[in-house]
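Report on the following structure.
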Amino acid sequence: MKKFFQEIKADIKFKSAGPGQKLTESVGEKAPKEKPSQPPARQPRQGPTNEAQMAAAAALARLEQKQPRARGPTSQDSIRNQVRKELRAEATVSGNPEAPGNNTVQEPKEEGSAHLAVPGVYFTCPLTGAILRKDQRDARIREAILMHFSTDPVAASIMKIHTFNKDRDRVKLGVDTIAKYLDNIHLHPEEEKYRKIKVQNKVFQERIHCLEGTHEFFEAIGFQKVLLPIPDQEGPEEFYVLSEAALAQPQSLERHKEQLLSAEPVRATLARQRRIFRPSPLASQFDLPTDFFNLTAEEIKREQRLRSEAVERLSVLRTKAMREREEQREMRKYTYTLLRVRLPDGCLLQGTFYARERVAALYGFVREALQNDWLPFELLASGGQKLSEDENLAFNECGLVPSALLTFSWDMAVLEDIRAAGTQPDTSILKPELLSAIEKL
């Protein structure tokens, strides 16, 4: 038996030694190789026409819808590898290139990730219309409210009360107390005691004095701060006293009270940063800035440490309910989402949204860009999932975070009417002024 295996090994070694040669040939001689015949020169191909590009983009969208979603890891080793990959990615975001179990050179970025899909998250000041960065919002809005005192002190003081004070319950209690003061004046204009408010009163101190903007509001609607003597007390005390001019205009006091009760905090609105792109095979690739993630650098490091400790626990089989709860926790990490809508002509409409916004906000965003905004249409997520405008679902509940590519589709009845009119359904549907600013992705 031993001899049999030795013969097999010798035969394998002989065959792996390469092709044989004759004893009369020198070692350096080799058989002449035939020169390959040169193929005839090809004429340069012409680039694809616009119609071909549009057809290719539409076909690509259909293929993306038909592609099944990638399945998750099915073995313990693949689960560990997936977790380590996520840890390396989070370590890169937090500015720490070293991650647990990672001593190799960083992998090169994928094609299309050299430029960010959007420069960052920006906001619009509702008072000035200025575009603000995320870290500028509070300071710039405060400046705008303070500047508003020179033109409308009543409105400015109301905005200051509702915006500068963050405790909403305390604000509501203070506003309701001020409204009660004004109601007493309106119901009993002839009684002097209701026109005077003692500043050192316990209720005033606990509910009103502690709020920013309340003193400016009293002065703006006609109250004056004066010192009045108190019976059986040595020194005078400070009071807010309503002036005769303001008392003569009870309608103004009632109007100011309603403004105070109905006001809301001044908040910067999220800038959509609408952009239009030409048809591109990179439509589903997103390179997002760190603004799109809810975690700070410190939170990312803590999450990285916790995940390192949970590598072994993640390899344990989990129930469907456990997986769904973990997916929901992952979705809540995102504050913003970047959405692209592929139009019938292949062009891409892009905008920034809050992850908690409803699907109806995306429908409104798309409708604002259409030439005929009254025509019904549908939006399809990956896999052909239809997103209904009436459905009260947020983007993070639909899995459309932190980015997603959707497809625009006409309602079937509208599509039949378009074809009956003799026009093509894949022609441009955007407003002409938007097409003038189209970009290359």
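Structure values in brief
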{"quantity": "Tabulated pairs, segment 150-162, first hydroxyl-bearing (Ser, Thr, Tyr), second modelled with pLDDT of 95 or more, C-beta under 7 angstrom, 6+ apart or interchain", "calculated": "157/213; 157/216; 157/217; 157/220"}
{"quantity": "Hits in segment 131-141 (condition: outside any strand (DSSP E or B) and either touching a Cys at 6+ places or on another chain (Cβ under 9 Å) or surrounded by 15 or more Cβ atoms within 10 Å (Cβ to Cβ) (or both))", "calculated": "136, 137, 140, 141"}
{"quantity": "Number of the condition not met by residue 266 [criteria: (1) of a type in the set (Val, Ile, Thr); (2) touching a helix residue (DSSP H, G or I) at 6+ places or on another chain (Cβ under 6 Å); (3) modelled with pLDDT under 90; (4) closer than 25 Å to residue 163 by Cα]", "calculated": "(3)"}
{"quantity": "Residue identified as in contact (Cβ under 8 Å) with a residue 60 or more places away in the chain, closer than 21 Å to residue 293 by Cβ and either open to solvent by less than 50 Å² (accessible area, probe 1.4 Å) or not charged (D, E, K, R) (or both) among 384, 351", "calculated": "351"}
{"quantity": "Test: residue 346 is modelled with pLDDT of 90 or more, outside any helix (DSSP H, G or I) and out of contact with any strand residue (DSSP E or B) (no Cβ under 9 Å at 6 or more places or on another chain)", "calculated": "yes"}
{"quantity": "Index of the failed condition, residue 305 passing every other in (1) within 23 Å of the chain's Cα centre (by Cα); (2) at pLDDT 60 or above; (3) in a helix (DSSP H, G or I)", "calculated": "(1)"}
{"quantity": "Segment 246-275, residues that are closer than 30 Å to residue 439 by Cβ and among the hydrophobic types (A, V, I, L, M, F, W, C)", "calculated": "268, 270, 271"}
{"quantity": "Breaking point among (1) open to solvent by 20 Å² or more (accessible area, probe 1.4 Å); (2) touching a residue at least 24 places away in the same chain (Cβ under 8 Å); (3) not β-branched (Val, Ile, Thr), for residue 362", "calculated": "(1)"}
{"quantity": "Subset of segment 349-380 [in a loop (DSSP other than H, G, I, E, B) and more than 14 Å from residue 337 (Cα to Cα)]", "calculated": "371, 372, 373, 374, 375, 376"}
{"quantity": "Segment 142-162, residues that are part of a helix (DSSP H, G or I) and of a type in the set (Val, Ile, Thr)", "calculated": "145, 154, 158, 161"}
{"quantity": "Any hit, segment 199-211, residues being touching a residue at least 40 places away in the same chain (Cβ under 8 Å) and farther than 30 Å from residue 122 by Cα", "calculated": "yes"}
{"quantity": "Scan of segment 175-196 for residues that are among the aromatic types (Phe, Trp, Tyr) and either at pLDDT 95 or above or under 13 Å from residue 250 (Cα atoms) (or both), ordered by number", "calculated": "181"}
{"quantity": "Selected residue (criterion: least open to solvent (accessible area, probe 1.4 Å)) from residues of segment 163-175 that are free of Cβ contacts under 8 Å to residues at least 24 places away in the same chain and part of a helix (DSSP H, G or I)", "calculated": "168"}
{"quantity": "Number of the condition not met by residue 277 [criteria: (1) out of contact with any Asp or Glu (no Cβ under 6 Å at 6 or more places or on another chain); (2) surrounded by 14 or more Cβ atoms within 10 Å (Cβ to Cβ); (3) not hydroxyl-bearing (Ser, Thr, Tyr)]", "calculated": "(1)"}
{"quantity": "Residues of segment 186-213 satisfying the condition of being part of a helix (DSSP H, G or I), crowded, with 19+ Cβ neighbours inside 10 Å and β-branched (Val, Ile, Thr)", "calculated": "208"}
{"quantity": "Filter result for the condition that a residue is open to solvent by 50 Å² or more (accessible area, probe 1.4 Å), touching a residue at least 12 places away in the same chain (Cβ under 8 Å) and either assigned to a loop (DSSP other than H, G, I, E, B) or of a type in the set (S, T, N, Q) (or both), over 216, 264", "calculated": "264"}
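Here's the yes/no breakdown for (1) modelled with pLDDT of 90 or more; (2) of a type in the set (Gly, Ala, Ser); (3) under 23 Å from residue 285 (Cα atoms):
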residue	(1), (2), (3)
364	yes, yes, no
372	no, no, no
379	yes, no, yes
404	yes, yes, yes
416	no, no, no
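The values are calculated or read from the model by the stated rules, or taken from the named source; none is laboratory data. Keep in mind that what you see is a predicted model, and the values were worked out from it rather than measured. Methodologically, a virtual Cβ is constructed for each residue, glycine included, from the backbone with ideal geometry; neighbour enumeration extends over all protein chains shown. Remember, those area values only see protein heavy atoms, side chains included, never the ligands or the DNA or RNA. Shrake-Rupley method; radii C 1.70, N 1.55, O 1.52, S 1.80 Å.
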